[in-house]
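Undergrad: Supplied in structure tokens, the structure appears directly below.
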Ligand SMILES: NC(=O)c1ccc[n+]([C@@H]2O[C@H](COP(=O)([O-])OP(=O)(O)OC[C@H]3O[C@@H](n4cnc5c(N)ncnc54)[C@H](OP(=O)(O)O)[C@@H]3O)[C@@H](O)[C@H]2O)c1
């Protein structure tokens, strides 16, 4: 008698993405048999790097919309692999997962840790970063992205070098030069940027990304102080994986 193996049901994983880690996780899971992987992107970047598997783009319409999407597309597992500073979607994910009874994991790379020689000024928000700047320097390298530039728009005495993936729109600081670029960045490149623009203070979010960490080394070497915006918390009760491999293990253990 011929033997036949009956495949199990396909399980659906939804990854809320927009990060390198989300793309890595999608690539790992999309290669596994029996898994359907969908990545969701907010649609902020004009030409995003697309992950493996299926991709949907655009907001869900709050936690209720996301809960409806989870049910309508029979999602078995939800991974919040968004940027550590994308706080709204993370809370949306926590509420939607609870409503739709879908297990949720947050994938969060660890934050950066100051080392010897670093002069870091931790602040709780972009508004606090703006308030700290006049006491720290006059030529600012702002690497917090094009969203939120309004917080710095009143600092008319300071000059800003703003680096972002897409061009910023007003309101933004009046004295500003823009560099359109996205990581990974090299240490040599960051050293040169600080030198060429005579930067005397750097502003960054604590994204923890390896691809953007060389600016911290360059700042340390040049004795440039760094204003570091701290992360919003992960919603209470949501388990956290520090990397894509750990998140993939969690999915496997859950789905067998
Ligand atoms: N914040 C940063 O510094 C940063 C840096 C790099 C990449 N990113 C990525 O860019 C995206 C937007 O960041 P943000 O700070 O604007 O987020 P946010 O403030 O947390 O989200 C605002 C709204 O955008 C929608 N949204 C966010 N992420 C989504 C996703 N992955 N799929 C579908 N809808 C999403 C949701 O709309 P609805 O309420 O309509 O569902 C959410 O309420 C995130 O996915 C994040 O991973 C953010």
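Undergrad: Condition first: surrounded by 17 or more Cβ atoms within 10 Å (Cβ to Cβ) and touching a strand residue (DSSP E or B) at 6+ places or on another chain (Cβ under 9 Å). Now tell me which residues in segment 108-120 satisfy that.
TA: Scanning segment 108-120 gives 108, 112, 120.
Undergrad: Right, next: Which one is nearest to the ligand (Cβ to nearest atom), of the residues in segment 138-156 that are over 27 Å from residue 234 (Cβ atoms) and surrounded by fewer than 18 Cβ atoms within 10 Å (Cβ to Cβ)?
TA: Per the criteria, the residue is 153.
Undergrad: Now for a different question. Against the definition (assigned to a strand (DSSP E or B) and in contact with a helix residue (DSSP H, G or I) (Cβ under 9 Å, 6 or more places away or on another chain)), how does residue 161 come out, yes or no?
TA: Answer is yes for this residue.
Undergrad: Looking at segment 40-68, which of its residues are modelled with pLDDT of 95 or more, under 15 Å from residue 23 (Cα atoms) and surrounded by 15 or more Cβ atoms within 10 Å (Cβ to Cβ)?
TA: Within segment 40-68, 40, 41, 42, 51, 52, 53, 54, 55 meet the criteria.
Undergrad: While we're looking at this one, here's another question. Can you go through 161, 133, 66, 105 and tell me which one is over 30 Å from residue 226 (Cα atoms) and either away from the ligand (no atom under 15 Å from the Cβ) or in contact with a strand residue (DSSP E or B) (Cβ under 7 Å, 6 or more places away or on another chain) (or both)?
TA: Exactly one of 161, 133, 66, 105 is over 30 Å from residue 226 (Cα atoms) and either away from the ligand (no atom under 15 Å from the Cβ) or in contact with a strand residue (DSSP E or B) (Cβ under 7 Å, 6 or more places away or on another chain) (or both), namely 105.
Undergrad: Still on this model: Looking for something in contact with a strand residue (DSSP E or B) (Cβ under 8 Å, 6 or more places away or on another chain), without any contact (Cβ under 8 Å) to a residue 40 or more places away in the chain and surrounded by 13 or more Cβ atoms within 10 Å (Cβ to Cβ) - is there at least one such residue anywhere in segment 176-194?
TA: Yes; the residues of segment 176-194 include at least one that is in contact with a strand residue (DSSP E or B) (Cβ under 8 Å, 6 or more places away or on another chain), without any contact (Cβ under 8 Å) to a residue 40 or more places away in the chain and surrounded by 13 or more Cβ atoms within 10 Å (Cβ to Cβ).
Undergrad: Right, something else. Out of curiosity, is residue 97 over 21 Å from residue 211 (Cα atoms), within 16 Å of the ligand (Cβ to nearest atom) and in contact with a helix residue (DSSP H, G or I) (Cβ under 8 Å, 6 or more places away or on another chain)?
TA: Criteria met by residue 97.
Undergrad: Here is a further query. Which one of 110, 9, 84 is within 18 Å of residue 207 (Cα to Cα) and more than 14 Å from the ligand (Cβ to nearest atom)?
TA: 110
Undergrad: If the requirement is being within 23 Å of the chain's Cα centre (by Cα) and part of a loop (DSSP other than H, G, I, E, B), which of these qualifies: 174, 184?
TA: Just a single option satisfies the conditions, and that option is 184.
Undergrad: If you take the residues of segment 19-39 that are within 12 Å of the chain's Cα centre (by Cα) and at pLDDT below 95, which of them is nearest to the ligand (Cβ to nearest atom)?
TA: 19
The values are calculated or read from the model by the stated rules, or taken from the named source; none is laboratory data. Quick caveat, the model's predicted, so the values are computed rather than measured. Positions of Cβ are backbone-derived with ideal geometry, glycine not excepted, and every protein chain shown enters the neighbour counts.
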